[in-house]
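Structure record follows, encoded as structure tokens.
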Number of protein chains: 4
Amino acid sequence: MAGSTFGNILKITTWGESHGKGVGVVIDGCPAGLLLSEEDIQLYLDRRKPGQSRYTTQRQESDSAQILSGVFEGKTTGTPISVAVFNQDQRSRDYSQIADCYRPGHADYTFDAKYGFRDYRGGGRSSGRETIGRVAAGAVAAKLLKQLGVTCLAYTKSIGPVKAASFDPNEILQNPVGMPDASAAKKAAEYLNACMEHKDSAGGIIECVINGLPAGIGDPVFEKLDANLAKAILSIGAVKGFEIGSGFDAAYAKGSQNNDEFYQTDDKKTAKATNHSGGVLGGISDGSQIVFRAAVKPTPSISARQKTVRTSGEPIEISICGRHDPVIVPRAVVVVEAMAALTVCDAMLLNMTATLNGVLDFYRR
Amino acid sequence: MAGSTFGNILKITTWGESHGKGVGVVIDGCPAGLLLSEEDIQLYLDRRKPGQSRYTTQRQESDSAQILSGVFEGKTTGTPISVAVFNQDQRSRDYSQIADCYRPGHADYTFDAKYGFRDYRGGGRSSGRETIGRVAAGAVAAKLLKQLGVTCLAYTKSIGPVKAASFDPNEILQNPVGMPDASAAKKAAEYLNACMEHKDSAGGIIECVINGLPAGIGDPVFEKLDANLAKAILSIGAVKGFEIGSGFDAAYAKGSQNNDEFYQTDDKKTAKATNHSGGVLGGISDGSQIVFRAAVKPTPSISARQKTVRTSGEPIEISICGRHDPVIVPRAVVVVEAMAALTVCDAMLLNMTATLNGVLDFYRR
Amino acid sequence: MAGSTFGNILKITTWGESHGKGVGVVIDGCPAGLLLSEEDIQLYLDRRKPGQSRYTTQRQESDSAQILSGVFEGKTTGTPISVAVFNQDQRSRDYSQIADCYRPGHADYTFDAKYGFRDYRGGGRSSGRETIGRVAAGAVAAKLLKQLGVTCLAYTKSIGPVKAASFDPNEILQNPVGMPDASAAKKAAEYLNACMEHKDSAGGIIECVINGLPAGIGDPVFEKLDANLAKAILSIGAVKGFEIGSGFDAAYAKGSQNNDEFYQTDDKKTAKATNHSGGVLGGISDGSQIVFRAAVKPTPSISARQKTVRTSGEPIEISICGRHDPVIVPRAVVVVEAMAALTVCDAMLLNMTATLNGVLDFYRR
Amino acid sequence: MAGSTFGNILKITTWGESHGKGVGVVIDGCPAGLLLSEEDIQLYLDRRKPGQSRYTTQRQESDSAQILSGVFEGKTTGTPISVAVFNQDQRSRDYSQIADCYRPGHADYTFDAKYGFRDYRGGGRSSGRETIGRVAAGAVAAKLLKQLGVTCLAYTKSIGPVKAASFDPNEILQNPVGMPDASAAKKAAEYLNACMEHKDSAGGIIECVINGLPAGIGDPVFEKLDANLAKAILSIGAVKGFEIGSGFDAAYAKGSQNNDEFYQTDDKKTAKATNHSGGVLGGISDGSQIVFRAAVKPTPSISARQKTVRTSGEPIEISICGRHDPVIVPRAVVVVEAMAALTVCDAMLLNMTATLNGVLDFYRR
């Protein structure tokens, strides 16, 4: 079935495999008149580009985005924006190991179980390169949101046992692990070095905050804003958990602790004294900062020896060599940010028809 | 926008408010020929019925399900199954408190922000009664899944600090908190008694296991099985977090610990030695048990005094009296189970077109 | 699969069979704040009510609409509006003839081919009563459109060979055939009388005009306004053709004849000198009146003898007695109007996100 | 909004403008294991390629299809198939005329009305080149259908007043107008020559037949097979009408004439003695040949002088020179065939979940 499309009004469809001709995305439903250039998209893609530190794969890809349609004289036209990144570093490898066996923690076996066979080159469609289309689309959503005063910011909250304890947004792009805390980033790097020495890998947590979102965005039942964020984030490979606001801690709290009291601000707006809700109540944004976290599992490709089976069923021991990140988190940060931007942007567009007065205002302009 | 529909092939649409004429669901896309009676649905609804213990609201509702269409001579016809539960205990209350102010932790404010006003009677659409339609539909999905050898089972994993330590499935329906561990259930009840004495409420964690699901179900990108489960579960009011398999613990693990090794079973099937994945790899079921957990916040309605504002903005202190559960978890267990059944059932139906051979087999029968 | 839902933003889901407990619709996505009463809906339902003339079935149904949710204090709340009509005249008939054989021109055989069996009572889901949900939803869409200055009006253009030659909108509801031409209506009635005498039935054409629709509604590729109208209209049972503007006549015209020249009106608006386009160019409304027509086949239930087969395959001759309209057209007029209103309303709501300026205006209000 | 996606299980998303970098399509949901090459697609594209006769635009485009993803070792993998055709003949023209005024019969004005501006180069997104993506996707659908024993065949039924009177399928690709009747084709060519001499253009009718479709495909209410075909066909630019089976003629017929009697074939199958239904009863295929027709308007671009307005509102007379087909029909034939194949293929895939027995058979294999 067709599972490569995301969103309702702002709808994206991604395509492409790790070692095919390229990867890309068609972004449909972007309002006409948004200034958009390939540089806008490249800026986001560069944040997930490989080869930027010793903690990311050394595969050399320029990951250069081309806009093939939907932009005319520098502005979106309202028609689909097709963005493609053609693969360059497809060095002809020997894929016999990966073709022939089921790597633990990977989707090799499940693809075979579903489709009968798989494009085994570099993970095919389940490769991290699948996220390039998401990030390109997220760049467009982020640009649109910026016009509406909304920003999404994701960063590494923890790597293994090392947690960011302070928050300096300028620090996030300054260290190789994407943490907003220089001191923790240093410790995280040391932890990763140790993992690599032991031919192992590490997991971590990504946090994302969304600022400027007005109250009233999201829908009350199945299309809750947090439900759609959860789907968006869990749809990223390697993510195993999602929580909003107090999240799992809320399960241990009492109502008197977890409820956020309302008060009126000096400029006569309704606000909350605390933000255990993470900015969403009943599926609808409450005007506070949206805060959510994603749990990311350790890179499954490790060079330590692991037991597994061949596709024929025969037992085998493998050691996965090659270009693999010892941790997925830093490069997934921009993917989380992109998926958050897409989700929130779509919810804002959908929200325009919530009230008759809004509709009448629009058409009576 | 239209946010009351869930699913692709098996598609449900719920309607209804807490204190309107009733609540219900239209279940479209159920295959023809499934034996289905009102009793099948009632069995599930009775599990979320109020008034069953001192930990659930004392509102008296028989919550009696009527099938209005889609079943003929005891079997589903392939056309939409409309199920309605008409409200009975709509005792004419004084809603002025709830109409006039924003209850902390509730959706009163966000509904007003979105729609300009709200049906304030008993929480309106954001009431727990909204889940009746989900549970009725979940009963149908569960019946269909049973024919396919798939079962979903949810239970209370923890209430406040009290965790179930053992697993006896027969125990789940025997104690008022829905735990598979009689001894923990007793402690949880004591904890809840203490909460009630302090006019407070508790949160908890629901765990759900799905057995019998073949490998290959779910899609690799946006429609990952775990992504759809996450959305389904976060769409339940009061759920603040979702994790599958090792979940957030995976963020602290190393690759060598978190990877599940494959082996071949005696009957020549591919299996996993451990189940940190929770039964999903790359968004597709891997043939192991699906295991996920939902974090549920404490009931926001507490009788302790809380500060908040009137809809006019004026500060006010409120104490919410009336019929409220001190904990949401036990009654939400069957809702989690229902949403899981709907999600998995839809994924299995969608999966039938995954391969050309499957399609050819179907039409050449 | 789930084929009982129509629309994107304004999304309706119908349910119910001819002789089950009732029929109904869930209308999701209606903006909050629209004044709506059961009378608003009843007004539309009464136009398709049986037993109103000798040309409509004598089945006595009050077809009384109940709003079960989504309206509070007389206004829509933004949550799903559930409307039900409970069947009353389910006189216990002998269905053995219809259960046992395939009526020519009916869906008996195709339902069996698809689902393996069918609810044969009165046609089950393929009965004309299925349209009650559409009409109820259409009443809501029409009320919303009226606020936006848009009206949909359908009427009988021809019955058999008798065509309406003049257009008096007040006449439409005055004669039993729904024609805007009293003299043609009289001739059509005579034609129908003759059909009935010969135990036969007649077809006809319904025309629908939509006034007040601004230019710019509809989308340029798959979601063309006329494509969606065509689907909406062909989804009505017995409709076998759809054309917009000059329609099939355009196939015989030359470009110089069929093109509509543009000019500027006195109040500086762009307008067309003619309307061969029927108000749509490139799938998007051009500001002219929308005009389309639907071809409706003759009622398949006739009391003349017809050859067919039993479900067992055995040949049989049948003569369908009972309560059947000799022509479908007059009662289908309001169904066409309803489907047009739903389609146009949905397109207008979708159109609100077409431009960045529109989105910015909305959120900066 | 996002209107560039078509289909449910087999879902396609097209992108691209006439004179941008290229056009293309992402085909998602194609079952894995279908043999597919660029040649399969090219074969279909060549049928709509310009420059093939004096009745088609002389624009020189090789329209060479590249498969960018979704195919591995010659077979579809179940992941999205991205097909791109890069534009080559983008000769730098003077677009000032088309940029500055609203061509009669074109979408220039409606695009401006909707989006505020437009990509005016060669019609932008409303160009006939938009159909390249549809045809490429249709080639994939047709290949899949062939495996299921289903074929779609479209041809020119009439051009202006000249109708095909005989049916020789081998003739269709032999004459420049795509008629199955060599003699009529000759007269049609003469008619077109005359049109061209008078700087004018012609319309026509395309007929499409679908053979081999089993009974039971399509859904009974909104997703009727004929309703979806109508939408698919009306979504093609310049189509102004759709009819199935007897179509508009049914409106003039009597029930006794229009009903198709059932009988049993020698091999014990239920069949119809006639096919006024066009192969669909109640929205579901009845096992007969599907027959439908599309009315296509004359090419709006004519070199005769026409009155219109500038975008500024000022009146102007224009004469559209350049590369334009004097008739759209012959090149639209393959587009109709492609859209029919996509619609029917999707309906067959959706139909696999219609019955419980079918689902059980599938999973118990």
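Which ³J(HN,Hα) values, rounded to whole Hz and listed in residue order, are derived for region A:285-290 from phi using the Karplus coefficients 6.51, -1.76 and 1.60 in 6.51 cos²θ - 1.76 cosθ + 1.60 with θ = phi - 60°, glycine and proline given as x?
Once rounded to whole Hz, the list reads 4, 9, x, 7, 4, 7.
So what does the Cα-only Debye profile of the protein assembly as shown read at q = 0.04, 0.05, 0.07, 0.08 Å⁻¹, as log10 I(q)/I(0), no solvent term?
-0.23, -0.36, -0.74, -0.98
Just to confirm the number: angle between the C-alpha axis of helix B:38-48 and the first principal axis of chain B, 0 to 90 degrees, nearest 10?
Approximately 60 degrees, to the nearest ten.
Mind checking the mean number of beta-carbon atoms from other chains within 10 Å of the Cβ atoms in B:345-351?
Rounded to a whole number, the mean comes out at 4.
Mind checking which of C:77, C:30, C:203 is farthest towards the positive end of chain C's charge dipole, using Cβ charges of +1 (Lys, Arg) and -1 (Asp, Glu) about the Cα centre?
The one lying farthest along the dipole's positive direction is C:203.
Can you give the Kirkwood hydrodynamic radius of region C:215-269 from its Cα pairs, in Å with one decimal?
Taking the inverse mean of 1/r over all distinct Cα pairs, region C:215-269 comes out at 13.9 Å.
Calculate the radius of gyration of the Cα atoms of region B:256-365 to one decimal place, then report Dmax, the largest Cα-Cα distance, as a whole number, both in Å.
In order Rg, Dmax, the Cα atoms of region B:256-365 give 23.8, 71 Å.
May I ask you to give the average projected area over all directions of the convex hull of the Cα atoms of region C:6-56, in nm² rounded to one decimal? Present the calculation step by step, with values, prior to reporting the outcome.
Values: hull surface 19.9 nm².
Spelled out: convex hull of the Cα atoms, projected over all directions, averaged, 5.0 nm².
What number, rounded to the nearest 500 deg cm²/dmol, is the helix-based mean residue ellipticity at 222 nm of chain C, given -39500 (n - 2.57) per DSSP H run of at least four residues and division by all its residues?
-8500 deg cm²/dmol
Which one, D:357, D:329, D:278, projects farthest toward the positive side of the charge dipole computed for region D:273-365 from Cβ point charges (K/R +1, D/E -1)?
The Cα lying farthest towards the positive end belongs to D:329.
Give the calculated FRET efficiency between residue C:363 and residue B:257 to the nearest 0.05, with a Förster radius of 56 Å applied to their Cβ-Cβ distance.
0.75
Under a straight-distance cross-link criterion of Cα-Cα below 19 Å, which lysines are reachable from residue C:49, leaving out those fewer than 8 residues away in the same chain?
By straight Cα distance, residue C:49 reaches C:21.
Label residue C:267 and residue C:307 with points 7 Å out from Cα along Cα→Cβ: what is the distance between them in nm?
It is 6.4 nm.
How far is helix B:329-351 tilted, in degrees, relative to the longest principal axis of the Cα atoms in chain B, given as a value from 0 to 90 rounded to the nearest 10?
30 degrees
Would you please state the base-10 log of I(q)/I(0) at q = 0.10 1/Å for region A:153-294, with intensities from the Debye formula using one equal scatterer on every alpha carbon?
After summing over all Cα pairs, the log10 values are -0.41.
Please compute the Cα-Cα pair-distance distribution of region A:146-198 with 10 Å bins starting at 0, giving whole percents from short to long.
26, 44, 20, 7, 2
In nm, to one decimal, how far is the modelled label at residue D:274 from the one at residue C:37, with both set 7 Å along Cα→Cβ?
Spacing of the two 7 Å Cα→Cβ label points: 5.0 nm.
Using the Cα centre as the reference, give the magnitude of the dipole from point charges on the C-beta atoms of chain B (Lys, Arg: +1; Asp, Glu: -1; all else neutral), rounded to the nearest 20 debye.
That gives a dipole near 520 debye.
Let me check against my output: what whole-number percent is the relative contact order of chain A, with C-alpha pairs under 8 Å and at least 6 apart?
Reported relative contact order: 20 percent.
Using 7 Å Cα-to-Cβ label points, what is the residue A:173/residue B:146 separation (nm, one decimal)?
5.7 nm
Whose amide H sits under 5 Å from the amide H of residue B:281, counting only residues 5 or more places off or on another chain, with H placed in the peptide plane?
Those lying under 5 Å, H to H, from residue B:281 are B:286.
Go through B:146/B:254; C:254/D:186; A:114/B:240 and tell me which ones have a Cα-Cα distance over 29 Å in this structure.
B:146/B:254; A:114/B:240
Report the charge-dipole magnitude of region C:207-286 in Debye, nearest 20, computed about the Cα centre from +1 at each Lys and Arg Cβ and -1 at each Asp and Glu Cβ.
Dipole magnitude for region C:207-286 comes out near 140 debye.
When DSSP beta bridges are limited to those with both residues in the protein assembly as shown, what percentage is antiparallel, rounded to the nearest 5?
Details: 222 of 230 bridges.
Taking every DSSP beta bridge within the protein assembly as shown, about 95 percent pair in antiparallel fashion.
Positive end of the dipole of region A:228-326, charges at C-beta (+1 Lys, Arg; -1 Asp, Glu), about the Cα centre: which of A:289, A:312, A:244 has its Cα farthest in that direction?
So the residue we want is A:312.
For residue C:157, which sequence-distant residues (separation of 5 or more, or a different chain) have an amide H within less than 5 Å of its own amide H, given hydrogens modelled in the peptide plane?
C:205, C:206, C:207
Can you tell me the length gained on complete extension of the stretch residue C:62 to residue C:314, counting 0.36 nm per residue apart and subtracting the Cα distance? Numbers along the way, then the final one.
On the way: separation 252, 0.36 × 252 = 90.72 nm, distance 3.92 nm.
Fully extending the segment from residue C:62 to residue C:314 adds 86.8 nm.
Considering Cα pairs under 8 angstrom that are at least six residues apart, work out the relative contact order of region D:88-207 and quote it in whole percent.
18 percent
If you place +1 on the Cβ of every Lys and Arg, -1 on the Cβ of every Asp and Glu, and leave all else neutral, what size is the dipole of region D:155-213 about its Cα centre, to the nearest 20 Debye?
That gives a dipole near 80 debye.
What ³J(HN,Hα) values, in whole Hz, does the Karplus curve 6.51 cos²θ - 1.76 cosθ + 1.60 give for region A:352-365 when θ = phi - 60°, with x put for Gly and Pro?
Each residue's phi maps through the Karplus curve to give 5, 9, 5, 10, 4, 4, x, 5, 5, 4, 4, 7, 9, 3 Hz.
What number in nm² do you get for chain D if you take the convex hull of its Cα atoms and divide its surface by four?
Taking the Cα atoms of chain D, their convex hull projects to 20.9 nm² on average.
Any idea what % of Cα-Cα pairs in region D:94-234 are farther than 24 Å?
Value for region D:94-234 (Cα pairs over 24 Å): 53 percent.
What's the angle, to the nearest 10 degrees (0 to 90), between helix D:225-234's Cα axis and the longest principal axis of chain D?
10 degrees
Here, each number is a calculation from the coordinates, and none is a lab measurement. None of the values given here were measured: they were computed from a predicted structure. Glycine gets a Cβ as well: all are built from the backbone with ideal geometry, and neighbour counts include every protein chain shown.
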